[in-house]
Amino acid sequence: MSELPFYLLAFVVVLGVLIAVHEFGHYLAARYCGVRVLRFSLGFGRTLWQRRLGKDGTEWAVSIFPLGGYVKIAGMVDESMDVEQMKLPPQPWEFRSKPAWQRLIIMVGGVTVNLILGFLIYIGVLFTWGRDYLPLEGAIYGLHPSALLKEEGLRDGDRIV
């Protein structure tokens, strides 16, 4: 039971990294397409930390429940249903004024970055541990053959010379 806090902390950290990378994918795609990002938040609920950073004035925040996050993009109808903003004509820096292909890039930006992260993690694991190879000289206790190899005549402890 004493390992439970460690596992909970590890779960929150790993989930936080996945969420941060995912939301950062949306952020990067929006900025690449010239769309303003109003808020980048990790977590939900009461805000623990927030700052307005950069030339574009994006508000960066960390909230109390680390089970999600969001990127509030200018001109995008979202859960807040910012109806006042939608009454105004579309501005060139808003999501709704961009062509469909750019809106698609922004929408799939998070998933794409998560896919790239998965590949990088897999490459890192293979690079660090690689594929195990045991030279014949290292098999000093002999083989432990599978059922198929036993049918072919190999036995436990056999050594290949």
Problem set entry | GLY69 vs. criteria in a helix (DSSP H, G or I), surrounded by 17 or more Cβ atoms within 10 Å (Cβ to Cβ) and at pLDDT 90 or above | no
For this session: Determine, yes or no, whether MET81 is open to solvent by 70 Å² or more (accessible area, probe 1.4 Å) and either in contact with a Ser or Thr (Cβ under 7 Å, 6 or more places away or on another chain) or modelled with pLDDT under 90 (or both).
Result: yes
Problem set entry | Long-range neighbours under 8 Å by Cβ, at least six apart or interchain, first residue within 13 Å of GLY68 (Cα to Cα) within segment 3-14, second open to solvent by less than 100 Å² (accessible area, probe 1.4 Å) | VAL12/PRO66
Problem set entry | Candidate set: segment 94-147, residues that are open to solvent by less than 60 Å² (accessible area, probe 1.4 Å) and in contact with a Gly (Cβ under 6 Å, 6 or more places away or on another chain); chosen: the one farthest from TYR70 (Cα to Cα) | GLY142
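The values are calculated or read from the model by the stated rules, or taken from the named source; none is laboratory data. Note that the structure is a prediction, hence the values are computed from the model and not measured. Using ideal geometry, Cβ is built from the backbone for each residue, glycine included, and neighbour counts are taken over all protein chains shown. Calculation scope for accessible area: heavy atoms of the full protein, side chains included, ligands and nucleic acids excluded. Shrake-Rupley method; radii C 1.70, N 1.55, O 1.52, S 1.80 Å.
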